Amino acid sequence: MKILTAIGALLIAATSYSAQISMEKVGHFQGAPIGAGGPIDIVDFYNNTLFVANGTNTDIQKPSLDIVKVDGLKNKEKEFNLSKRVDIQKFIGTTEEVSDLTCIKVSPNGKFLALSVALNPTTENGYIVITSLEGDYIAHYKVGALPDNLAITPDSLKVIVANEGEPGKGLKVDPEGSVSILDLSKGLDKGRVIEVKIDETLIKGELKANLDEYVKAAPHKPTYSQALEPEYITIDEAGKFAYVSFQEDSAIGKIDIEAGKFVWIESMGVKDHSKPENSFAIGKNSPNLVTGNVFGMYQPDGIKVINQNNSTYLITANEGDARDYGKGLFVEDDSTIGKLLEAGKKINVPVTEDMKNLKISKFRGLNEKGEYDKLYSFGARSFSIFKVEDGGVKLVFDSGNQLEEITKKYLPQYFNSSNTNIKPYSRNNSKGPEPEDVEIGTIDGRTFAFVGLERIGGVVTFDITDATKPEFAGFFSGRDYSEDVKGDVGIEGLKFVASEKSPTGKPLLISSNEISNSIAIYELKVSK
């Protein structure tokens with residue numbers, strides 16, 4: 001499908017729509033051919049080098065650590081080639097099969113890399129692998145099932161990974177979700193793993209009610225520990241606490257790192273889409289943002305922690321995610337409001353014509369009679385800021401409908417298109433633009449949040465120098481909308497590089513793009 005107008009033609013070259021901050025693409029790396037079975041997941045940067053978690057798993061390319069030298073940025077080089085590719089399987093041996101390389105991080109002291117590695121089947125316990133910055137093996141350590149995002153404490157002595165623990169085929173095996181803390185204080189090759197299990201005594205109130213709904217609906221009747229699936233992890237600047245997102249259950253957990261246990265696990269609440277500021281685009285072929293009697297579950301993927309004025313805040317990218325364990329087993333989002341009505345389900349809230357095509361959770365909001373007293377949609381189509389309190393989190397800011405208003409303003413022909421096609425409105429009734437990740441960076445004394453949109457593409461920037469009063473600062477898209485998949489498509493991760501650590505002497509934002517299997521490097525400029 002091709003839609004190429006005057007505006008569309010301009011977008012072929014990556015385009016920045018600036019309020020305060022603009023971006024210019026200055027570098028690119030192609031990790032695998034488009035459609036080659038990727039994806040490129042996470043990228044990190046240190047000493048003029050990209051470290052890429054390349055999850056490509058085909059007959060000719062296996063999950064690898066890709067190392068890419070980008071010193072040439074200072075000489076205006078644009079395209080960068082692979083410096084070294086390290087097959088992760090050789091670190092694990094031949095008795096277990098690597099399924100995916102899910103995350104990679106450079107230690108703050110620049111001494112090592114930490115990689116999270118999932119096995120096949122993913123219900124098996126995976127590994128944290130430690131290597132040098134040259135990709136040379138140092139050690140590997142068994143952690144929980146399906147290790148996903150990881151983080152390293154500021155002193156580089158502990159690596160912490162979120163073990164998602166998703167169910168396997170047929171729901172025959174459902175590992176518990178957990179967090180693993182790898183203590184490297186006695187040496188990189190003398191690490192000790194501490195398993196932080198879900199403390200079910202902490203599951204109360206709204207979160208307990210949400211979990212009970214899932215447990216009742218799931219055919220295999222999981223425990224709370226099996227139901228909760230840690231997704232993303234971030235560590236505070238003091239290295240004392242880690243914060244974990246449980247995406248499917250729209251919850252956050254706080255971990256005392258030294259004690260090796262959860263302090264609390266709490267629901268994030270929901271977003272009321274009946275309020276005008278929370279309007280959203282639904283309906284088959286409409287760009288209009290409307291209200292509806294629907295509650296959006298925040299369900300963040302990427303989260304970051306910051307400290308301002310002696311307060312701790314969590315910045316969340318509210319992507320949304322539904323449990324899907326296979327047709328005939330358990331698929332949470334296989335129903336729209338209209339399909340439920342057609343099937344004779346009773347919905348005890350007003351339903352507009354626009355709402356009928358919206359995907360909702362088929363098991364949440366049911367009363368004892370099996371009637372829907374509330375309707376819950378996936379993701380909040382926003383980024384949020386939560387203040388950390390003694391017993392949980394308190395919402396202090398949500399971008400409301402701004403992400404959809406911004407993309408509609410600047411990309412009207414492709415509004416709510418997906419990352420595999422440029423058909424407008426194709427994501428209206430699912431999760432909209434899907435904010436996937438958020439990165440934080442400080443430039444000239446101002447703090448910015450960079451929010452990557454997985455579907456339509458682009459980065460929306462907000463000035464969060466005052467975390468309680470964010471302001472829109474700019475929008476940028478590196479996607480080429482002249483074809484369905486062209487340019488840098490499907491943002492998965494973001495990495496900010498401060499000017500003093502940049503080859504160009506100017507701040508950078510680096511994106512990993514899972515659909516195009518590419519890494520893009522953008523130079524940032526802030527208006528005075």
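The values are calculated or read from the model by the stated rules, or taken from the named source; none is laboratory data. Since we're looking at a predicted model, the values are computed, not measured. In this analysis, Cβ positions are derived from the backbone assuming ideal geometry, glycine residues included, and neighbour counts consider all displayed protein chains.
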| task | Scan segment 402-442 for residues that are under 20 Å from M355 (Cβ atoms), assigned to a loop (DSSP other than H, G, I, E, B) and within 19 Å of the chain's Cα centre (by Cα) and jot them down. | result | N416, R427, S430, K431, G432, P433, E434
| Within segment 481-521, tally of residues that are under 15 Å from the mean Cα position of the chain (by Cα), under 21 Å from K105 (Cα atoms), in a loop (DSSP other than H, G, I, E, B) and not small (G, A, S) | 1
| task | Scan segment 477-514 for residues that are more than 16 Å from L73 (Cβ to Cβ) and out of contact with any strand residue (DSSP E or B) (no Cβ under 7 Å at 6 or more places or on another chain) and report the count. | result | 6
| query | Quick check: anything in segment 186-207 under 25 Å from S99 (Cα atoms), among the small types (G, A, S) and touching a strand residue (DSSP E or B) at 6+ places or on another chain (Cβ under 6 Å)? | reply | yes
| note | Flagged in segment 129-157 as in a strand (DSSP E or B), closer than 19 Å to F45 by Cα and touching a Leu at 6+ places or on another chain (Cβ under 6 Å), in numbering order, are V129, I130, T131
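Hey, can you tell me all the residues within segment 473-491 that are among the hydroxyl-bearing types (S, T, Y) and either surrounded by fewer than 22 Cβ atoms within 10 Å (Cβ to Cβ) or in contact with a Pro (Cβ under 9 Å, 6 or more places away or on another chain) (or both)?
Matches in segment 473-491: S482 only.
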| task | Looking at (1) crowded, with 20+ Cβ neighbours inside 10 Å; (2) not in a strand (DSSP E or B); (3) not aromatic (F, W, Y), find the lone condition where P219 falls short. | result | (1)
| request: State the number of residues belonging to segment 209-238 that are over 22 Å from the mean Cα position of the chain (by Cα) and within 18 Å of I303 (Cα to Cα). | output: 1
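Conditions tested, residue by residue: (1) closer than 25 Å to V438 by Cβ; (2) modelled with pLDDT of 85 or more.
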{"residue": "I3", "(1), (2)": "no, no"}
{"residue": "A6", "(1), (2)": "no, no"}
{"residue": "A9", "(1), (2)": "no, no"}
{"residue": "Q20", "(1), (2)": "yes, yes"}
{"residue": "I40", "(1), (2)": "yes, no"}
{"residue": "N57", "(1), (2)": "no, yes"}
| Residues of segment 50-63 being buried (at least 18 other Cβ atoms within 10 Å of the Cβ) and either without any contact (Cβ under 8 Å) to a residue 24 or more places away in the chain or in contact with a helix residue (DSSP H, G or I) (Cβ under 9 Å, 6 or more places away or on another chain) (or both), which ones? | K62, P63
| query | Out of segment 75-122, which residues are over 20 Å from V159 (Cβ atoms), modelled with pLDDT of 95 or more and in a helix (DSSP H, G or I)? | reply | Q89, K90
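Could you say which residue among K387, K423 is in contact with a Lys or Arg (Cβ under 7 Å, 6 or more places away or on another chain) and at pLDDT 95 or above? Steps first, answer last, please.
Details: K423 fails: in contact with a Lys or Arg (Cβ under 7 Å, 6 or more places away or on another chain).
Just one listed residue meets the conditions, K387.
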